[in-house]
Amino acid sequence: MAQTLITSEVDFNRPGKQTGFLRIPHSVHRSAYGWIPVPVVVIARGEGQRCC
């Protein structure tokens, strides 16, 4: 897998529902350690109906 600077609060391999943010690094003159939050919701491997 390619290495990236984007980090996540969400474990994409864990079953169930999770919410969190992807943290995309963003550097500005005020702060060299800033980041842009991108909301993420994961619903994985639950019981019940599935489409397709």
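The values are calculated or read from the model by the stated rules, or taken from the named source; none is laboratory data. Just so we're clear, the structure is a prediction, and the values are computed from it rather than from any experiment. In this analysis, Cβ positions are derived from the backbone assuming ideal geometry, glycine residues included, and neighbour counts consider all displayed protein chains.
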Query raised in the report: Are any residues in segment 5-22 aliphatic (A, V, I, L, M) and either more than 10 Å from PRO39 (Cα to Cα) or assigned to a loop (DSSP other than H, G, I, E, B) (or both), and if so, which ones?
Result: LEU5, ILE6, VAL10
Query raised in the report: Between a first residue in segment 28-47 that is within 19 Å of THR7 (Cα to Cα) and a second residue that is part of a loop (DSSP other than H, G, I, E, B) and polar (S, T, N, Q), which pairs have beta carbons less than 6 Å apart while being 6 or more apart in sequence or on different chains?
Result: none
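Residues checked against (1) modelled with pLDDT under 90; (2) among the aliphatic types (A, V, I, L, M); (3) surrounded by fewer than 12 Cβ atoms within 10 Å (Cβ to Cβ):
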residue	(1), (2), (3)
THR4	yes, no, yes
PRO15	yes, no, no
GLY20	no, no, no
ARG30	yes, no, yes
TRP35	yes, no, no
VAL40	no, yes, no
GLY48	yes, no, yes
